[in-house]
Amino acid sequence: MLFITFTSCVDKYWPELDKYQNLLVVDGQLTNGNDPLAVRLSVSSPVNKGEYIPQSGAELYVSDENQNLIQLTEVEAGTYRAMDTSFRGLAGYVYQLHINLPNGQSYISDPCYLKAESPIDAVYGNIESPENLANNSGFPGMQFYVENHSENSDTSYYLWRLSQTWEYKSTFDIDYTWEGEFIPYPDPDSLRTCWISTNVNEVIFGSTEYLDPTAVNQFPLHFVSTKSKKLSIKYSLLVKQLSISEEAFKFYNAIKQQNIDQGEMWMQQPIQILGNMHNVNNPNEPVLGYFIVAGHSEKRIFVSRPALEFYYDICTPDFESLRWIEFEPESNWPIYIDDIMFLGWAMAQSNVCFDCRLEGGSLTPPDFWE
């Protein structure tokens with residue numbers, strides 16, 4: 001047994017993945033809402049070198065059942081938008097995406113029926129503690145939910161896309177700067193308050209197919225914890241609800257199942273999840289991604305700072321380094337200084353403690369901000 005143990009070997013297995021490289025990836029969306037018709041084209045990269053490779057130079061257009069054509073123009077590498085920026089899809093119409101690549105290959109989507117939108121009845125947030133959180137974040141925060149009802153019997157599948165905006169502050173005011181000498185700062189608060197907007201990178205979808213009535217009640221969307229500054233002053237969540245087809249629902253559900261079932265040899269093995277795009281001349285060629293055609297509704301809410309303890313990092317004042325400030329090289333200028341009441345002048349380890357823009361935000365609030 002010892003001989004077998006020490007002389008046996010393990011043959012490494014590396015699956016054949018080369019055939020999944022250089023495949024066309026389509027990410028497109030057409031709705032009857034405010035978002036313009038847009039399609040992103042890219043090429044799949046090697047599994048051990050994940051990167052976004054845009055597909056440029058393509059000709060794209062969308063046709064409807066009446067043979068009307070909507071041309072798309074490449075606005076940046078791999079991103080195409082409708083030339084007619086006022087164009088929106090119409091509920092009840094059928095649309096198809098056409099793609100002609102520079103290499104002569106042509107692709108077309110399945111006929112896609114644009115379902116009527118369902119209204120969003122409510123979007124709201126509930127304060128939740130770590131004990132009752134499904135995501136096990138370990139911090140309290142706010143869980144956001146959506147509720148709706150369907151006025152159309154053919155609308156049973158939904159995809160939610162979220163974007164978030166929050167107001168936040170840097171830790172310190174700027175009372176003085178050091179630029180070889182101490183200079184009073186004219187507006188101590190001017191770099192302290194910022195706003196930042198991002199998309200929520202979660203794929204959230206659901207179905208009311210087997211529900212009676214066909215309504216969504218307290219469906220969980222997104223959780224925001226007190227580990228970040230997002231809820232520290234005011235937070236806004238924009239919920240875009242897409243009424244998608246059953247085929248699109250199955251596509252996203254397959255992606256979800258594959259992502260959560262990985263981790264062990266005996267779990268579900270990765271498979272190629274194909275969307276609704278096809279090569280016109282070679283139906284056997286795999287094409288990745290999806291062209292979504294959907295009814296659209298949206299709702300935005302604002303949330304003020306909740307009555308919770310927050311756990312994000314706060315800058316600590318540095319009183320000692322001020323004694324050696326004259327030895328700071330010019331490359332570090334300007335150095336910001338806060339005159340803290342009852343404590344005196346203080347520096348900090350980084351200018352991010354004074355300038356909120358260094359956390360990625362803007363000093364100008366968005367137009368929709370309350």
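The values are calculated or read from the model by the stated rules, or taken from the named source; none is laboratory data. None of the values given here were measured: they were computed from a predicted structure. Because the Cβ atoms are built from the backbone with ideal geometry, glycine has one as well, and the counts that use them run over all protein chains shown.
Please work out if Leu308 is more than 30 Å from Gln164 (Cα to Cα) and surrounded by 14 or more Cβ atoms within 10 Å (Cβ to Cβ).
no
Take the residues in segment 88-100 that are crowded, with 16+ Cβ neighbours inside 10 Å, in contact (Cβ under 8 Å) with a residue 40 or more places away in the chain and part of a loop (DSSP other than H, G, I, E, B), then tell me which one is farthest from the chain's Cα centre (by Cα).
Filtering first and then ranking leaves Ala91.
Taking Pro111 and the conditions (1) of a type outside the set (A, V, I, L, M, F, W, C); (2) out of contact with any Phe, Trp or Tyr (no Cβ under 9 Å at 6 or more places or on another chain); (3) surrounded by fewer than 15 Cβ atoms within 10 Å (Cβ to Cβ); (4) modelled with pLDDT of 95 or more, which numbered condition does it fall short on, given that it satisfies the others?
Result: Pro111 passes all but (2).
Quick one: in segment 274-291, which of the residues that are part of a strand (DSSP E or B) and either of a type in the set (D, E, K, R) or out of contact with any helix residue (DSSP H, G or I) (no Cβ under 6 Å at 6 or more places or on another chain) (or both) is farthest from Ser118 (Cα to Cα)?
In this case the residue turns out to be Asn279.
Does Glu147 satisfy being part of a strand (DSSP E or B), under 30 Å from Ser129 (Cβ atoms), charged (D, E, K, R) and within 27 Å of the chain's Cα centre (by Cα)?
Yes, satisfied.
Have a look at Glu298, Glu328 and point out the one that is surrounded by 13 or more Cβ atoms within 10 Å (Cβ to Cβ), of a type outside the set (Ser, Thr, Tyr) and under 30 Å from Val94 (Cβ atoms).
Glu298
Restricted to segment 177-231, and to residues that are surrounded by 15 or more Cβ atoms within 10 Å (Cβ to Cβ) and charged (D, E, K, R), which residue is nearest to Glu131 (Cα to Cα)?
For segment 177-231, the residue satisfying everything is Lys227.
Inside segment 169-190, can you point out the residues that are under 17 Å from Pro317 (Cβ atoms) and either touching a helix residue (DSSP H, G or I) at 6+ places or on another chain (Cβ under 7 Å) or not in a loop (DSSP other than H, G, I, E, B) (or both)?
Lys169, Ser170, Thr171, Phe172, Tyr176, Thr177, Trp178, Phe182
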